[in-house]
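The values are calculated or read from the model by the stated rules, or taken from the named source; none is laboratory data. Not measured: the values here are computed from a predicted model. All Cβ positions, even for glycine, are placed from backbone atoms using ideal geometry, and neighbour counts span all protein chains on display. The accessibility values were calculated without ligands, DNA or RNA, using every heavy atom of the protein model including side chains. Shrake-Rupley method; radii C 1.70, N 1.55, O 1.52, S 1.80 Å.
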Amino acid sequence: MLILGIESSCDDCAAALVRDGETILSQAIHSQFDIHEPFGGVVPELASRNHLEKIVPVVETAMGDADVGWSDLDGVAATYGPGLVGSLLVGLSAAKAIAFSLGIPFQGVNHLEGHLTAIFLEDRTVSFPFLGLIVSGGHTSLYRVEGFGSYQLLGQTRDDAAGEAFDKVAKLLGLGYPGGIVIDRLSRQGDPQAFSFPRAMTSPKTLDFSFSGLKTSVRYFVQKHEPAFIQAHMADLVASFQEAVVDSLIIKLTQAVTSSQLRRIVVSGGVAANSRLRSRLGEVAETEGLDVHFPSPQLCTDNAAMVAAVGYRHLCMGISSPLSLNAVANLLL
Ligand code: KG4
Ligand code: ZN
């Protein structure tokens with residue numbers, strides 16, 4: 001079964017062709033980096049206008065790269081939430097139009113389900129159940145995953161998402177956008193123990209996260225020191241901030257391992273591309289005997305292959321969406 005997946009929930013316009021939910025034939029992506037970079041964050045109106053311009057060429061590129069024609073498609077899947085409504089509507093409408101005109105099923109996909117199960121596009125050996133952590137620009141949520149379609153929310157952020165903290169701290173320090181990648185890179189030259197920042201919500205009584213206090217403490221740190229000092233210690237500063245985020249995530253994951261008795265962990269979402277999180281969690285896995293999985297960085301960040309894969313599984317179960325399906329900004333999983 002050949003599925004065209006479309007993802008346009010935020011600032012990436014992406015299309016992918018996936019066969020039988022596991023073989024990626026092509027992935028085309030247009031990043032809006034240049035458009036939002038001057039603003040230090042995503043501007044929703046600019047995002048949706050750019051999706052409108054790019055959606056057709058991106059889909060055509062994905063089809064061409066996979067060397068398939070319209071008549072080869074068995075279904076079309078698109079993200080319908082959560083995300084920016086103006087952006088979601090572009091990919092969703094394109095998917096509906098393609099499916100309607102070809103007379104094939106259309107499937108709306110929850111973006112979070114895409115992230116949570118993206119690992120199966122690369123590693124089919126991961127078995128259920130597992131602890132699934134989504135760390136992205138919009139979410140920091142921990143689930144108990146019993147199987148495809150069976151997701152129990154164990155904890156989530158009470159304020160900022162981890163990726164949001166990266167982006168806001170980078171903006172505060174004038175490092176550009178998107179902050180996670182910049183901070184990840186710069187931190188490699190810094191000392192993660194140079195400065196001490198708080199690790200919030202460390203009590204095992206909750207599996208919720210919090211990152212806004214950490215962001216505020218970086219702001220106070222910047223206000224307390226001379227600009228020359230901040231510039232001279234930038235790598236140490238961001239490495240120390242990043243270490244606090246990584247510690248906070250690892251603390252909650254180890255608490256969740258204890259309370260859930262699950263020893264398998266799958267981490268996904270844009271922040272899962274973070275090199276320090278990947279190496280630190282890898283070390284913890286080794287010493288604690290945990291089975292930890294990360295998709296490759298390209299499948300951690302927003303992509304359409306994960307959307308096609310979820311769409312495939314739903315269509316296999318005989319589930320498809322009505323063409324009246326609307327975009328849902330705060331869709332839950
Ligand atoms: O999953 P994603 O592409 O989009 C959302 O669904 O939000 O995640 C984007 C987020 C941004 O906040 C970005 O700064 C962060 O992921 N990110 C990273 C890295 N790459 C992307 N954060 C830390 N380290 C990275 N290497
Ligand atoms: Zn995402």
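Scan (1) assigned to a loop (DSSP other than H, G, I, E, B); (2) out of contact with any strand residue (DSSP E or B) (no Cβ under 7 Å at 6 or more places or on another chain); (3) more than 27 Å from LEU52 (Cβ to Cβ) for the single condition VAL182 breaks and write down its number.
(1)
Of all residues in region 37-60, which are closer than 22 Å to PHE166 by Cα, modelled with pLDDT of 95 or more and not aliphatic (A, V, I, L, M)?
PRO44, the sole residue that qualifies.
Given the options GLY91, GLY114, GLY64, name the one that is within 16 Å of ligand 1 (Cβ to nearest atom), in contact with a Ser or Thr (Cβ under 9 Å, 6 or more places away or on another chain) and farther than 11 Å from ALA327 by Cα.
On the way: GLY91 fails: farther than 11 Å from ALA327 by Cα; GLY64 fails: within 16 Å of ligand 1 (Cβ to nearest atom).
Just a single option satisfies the conditions, and that option is GLY114.
Name the residue that is farthest from SER136 (Cα to Cα), counting only residues in region 70-125 that are of a type in the set (Ser, Thr, Tyr) and out of contact with any helix residue (DSSP H, G or I) (no Cβ under 8 Å at 6 or more places or on another chain).
Within region 70-125, the subset of a type in the set (Ser, Thr, Tyr) is 71, 79-80, 87, 93, 101, 117, 125.
Of the ones still in play, those that are also out of contact with any helix residue (DSSP H, G or I) (no Cβ under 8 Å at 6 or more places or on another chain) are 93, 101, 125.
On the way: SER93: 25, SER101: 34, THR125: 24 Å.
Of everything passing the filter in region 70-125, SER101 is farthest from SER136 (Cα to Cα).
Step by step: first the residues of region 258-278, then only those that are within 12 Å of ligand 1 (Cβ to nearest atom) and among the polar types (S, T, N, Q), then the one that is surrounded by the fewest Cβ atoms within 10 Å (Cβ to Cβ). Which residue is that? Outline the logic, then answer.
Keep residues of region 258-278 that are within 12 Å of ligand 1 (Cβ to nearest atom), which gives 267-278.
Now restrict to residues that are among the polar types (S, T, N, Q): 268, 274-275.
Numbers: SER268: 26, ASN274: 28, SER275: 13.
That would be SER275.
Give me the helices (runs of 4 or more DSSP H) completely within region 267-332, filtered to those with at least 1 residues that are more than 16 Å from ligand 2 (Cβ to nearest atom) and in contact with a His (Cβ under 8 Å, 6 or more places away or on another chain), ordered by residue number.
No helices (runs of 4 or more DSSP H) qualify here.
Read through the list (1) over 19 Å from THR157 (Cβ atoms); (2) assigned to a helix (DSSP H, G or I); (3) small (Gly, Ala, Ser), then give the number of the only condition that ALA194 fails.
Result: ALA194 fails condition (2) only.
Please identify the pairs in which a residue from region 80-94 that is modelled with pLDDT of 95 or more has its Cβ atom under 8 Å from the Cβ atom of a residue that is of a type in the set (Asp, Glu), counting only partners at least 6 apart or on another chain.
Hits for this filter: GLY86/GLU45; SER87/ASP11; GLY91/GLU7.
So GLY69 fits all but one of (1) more than 14 Å from ligand 1 (Cβ to nearest atom); (2) within 21 Å of HIS30 (Cβ to Cβ); (3) assigned by TED's automatic domain parsing to the domain that holds GLU53; what number is the exception?
GLY69 satisfies all of (1) more than 14 Å from ligand 1 (Cβ to nearest atom); (2) within 21 Å of HIS30 (Cβ to Cβ); (3) assigned by TED's automatic domain parsing to the domain that holds GLU53 except (2).
Looking at (1) farther than 18 Å from PRO297 by Cα; (2) surrounded by fewer than 23 Cβ atoms within 10 Å (Cβ to Cβ); (3) touching a residue at least 24 places away in the same chain (Cβ under 8 Å), find the lone condition where SER101 falls short.
(3)
Residue by residue through region 1-22, note down the ones that are surrounded by 24 or more Cβ atoms within 10 Å (Cβ to Cβ) and away from ligand 2 (no atom under 16 Å from the Cβ).
Passing the criteria: ILE3, LEU4, LEU17, VAL18.
Pick from region 307-323 the residues that are hydrophobic (A, V, I, L, M, F, W, C) and open to solvent by less than 70 Å² (accessible area, probe 1.4 Å): which of them is nearest to the chain's Cα centre (by Cα)?
By that ranking, first place goes to VAL307.
Among what's in region 171-180 and is near ligand 1 (Cβ under 9 Å from one of its atoms) and in contact (Cβ under 8 Å) with a residue 60 or more places away in the chain, pick the residue that is farthest from the chain's Cα centre (by Cα).
Initially, region 171-180 is screened for residues near ligand 1 (Cβ under 9 Å from one of its atoms), giving 177-180.
Among the residues that remain, those that are also in contact (Cβ under 8 Å) with a residue 60 or more places away in the chain are: 177-178, 180.
On the way: TYR177: 16, PRO178: 13, GLY180: 12 Å.
Here the residue is TYR177.
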